[in-house]
Amino acid sequence: MSEVINGYQKVENYPQEKTDALADHYQQVLELLGEDPKREGLEKTPLRVAKAMQFLCQGYQQNPAEILTSAMFKEDYRQMVVVKDIEFYSLCEHHMLPFFGKAHVAYIPNGTITGLSKIARVVEAFSRRLQVQERLTTQIKDCIEQTLNPLGVAVVIEAKHMCMTMRGIQKQNSVTTTSDFTGAFKKESTRAEFIRLIGSHLS
C-alpha cells in the first residue's frame, strides 16, 4: 500500500484487513477514554496507531535464527566478538508502554561466525515484540547459542522503562540491567573482560 503526500511516496506494507480491525478497536478506545474520534486532530489517529503498532511489533514476523544463518561463515577465530551499544526499543507487555536502551552482546566462535549486523538484527527482532527485559535478554542469548553453537555467549541489557518513569513509581532516572551468560563467559576472568570491553558499571 502506498500513499503520495506532497510529492513524497510513502510505502507501507500492512495487511488491510488487520489494519482496519486494529483501527476499529483503537477508535473504541478513544471513545472509552472520553474523546471524540471524529474531531479533526483524532480523525486519522486510529489508523495511525494501527500502523504504528504493527511496526512496533514487527518482530513477530521475523525469525531471528534465520537472520543469523543468512550470513554464517566458517572461520577459525576463537576470541571474543563483541557488539556493544545496540540501540533497541520495545514495549512492556504489562502496560504496553515503551522501554528502551542498549544491548551489549558477545560470543566466542567455535569455527563459525556471523555477520556483525546480524547480531543487531537479532536484538531488533526480539525487541519488536511485547516483552519483558528479562526474557528479551535470555532470548537473544539462546538464539545465538543454539544457532552458532559458540564456546560462549554473553548478553547485557540496560534499559529505561516508561512504566516506571511516566506512571506508577515515577522514578525518572532508574535504569534496569539484566544479564545472561553461557559457556566460557561463566568463567570469571572471561566475564570480567567482557564487562570491561562494554564499559559497563557492572562488576
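Here are a few things to note about the model shown:
- Calculated mean residue ellipticity, 222 nm, the chain: -11500 deg cm²/dmol, from DSSP H runs (n ≥ 4) at -39500 (n - 2.57) each, averaged per residue and rounded to 500.
- Of the residues Ile67, Leu116, Leu22, the one whose Cα sits farthest toward the positive end of the charge dipole of the chain, with +1 on the Cβ of Lys and Arg and -1 on the Cβ of Asp and Glu, is Leu116.
- Full extension of the segment from Asp20 to Lys44, taken as 0.36 nm per residue of separation minus the current Cα-Cα distance, would add 7.5 nm.
- Nearest 10 degrees, 0 to 90: helix 116-127 Cα axis against the chain principal axis: 50 degrees
- The packing ranking of peptides 61-71, 75-85, highest mean first, is 61-71, 75-85, where packing means the average number of other beta carbon atoms within 10 angstrom of each residue.
- A simple rule links phi to the HN-Hα coupling: the Karplus curve 6.51 cos²θ - 1.76 cosθ + 1.60 with θ = phi - 60°, which for segment 58-68 gives 5, x, 5, 9, 10, 10, x, 5, 5, 4, 5 Hz, with x for Gly and Pro.
- Student exercise, segment 72-203 dipole from Lys, Arg, Asp, Glu Cβ charges, in Debye to nearest 20: 160 debye
- Probe 1.4 Å, protein heavy atoms only - accessible area per residue of the chain in square angstrom: 59 Å²
- Dipole axis of the chain (+1 Lys, Arg; -1 Asp, Glu on Cβ), positive-most option in Ala52, Cys143, Gln131: Cys143
- Helix 45-56 axis, angle to the chain major axis (alpha carbon atoms, nearest 10°): 10 degrees
- Derived from the Cα gyration tensor, the three semi-axes of the equivalent ellipsoid of the chain are 38, 22, 13 Å, largest first.
- Angle between the chain longest axis and helix 133-148 axis [Cα atoms, degrees, rounded to 10]: 50 degrees
- When +1 charges are put on Lys and Arg Cβ atoms and -1 charges on Asp and Glu Cβ atoms, the dipole computed for segment 41-138 relative to its Cα centre reaches about 160 debye.
The values are calculated or read from the model by the stated rules, or taken from the named source; none is laboratory data. All values reported here derive from a predicted model rather than from experimental measurement. As a convention, Cβ positions derive from the backbone with ideal geometry for all residues, glycine included, and neighbour counts pool all protein chains shown. These accessible areas exclude ligands, DNA and RNA; they are computed on the full protein's heavy atoms, side chains included. Shrake-Rupley method; radii C 1.70, N 1.55, O 1.52, S 1.80 Å.
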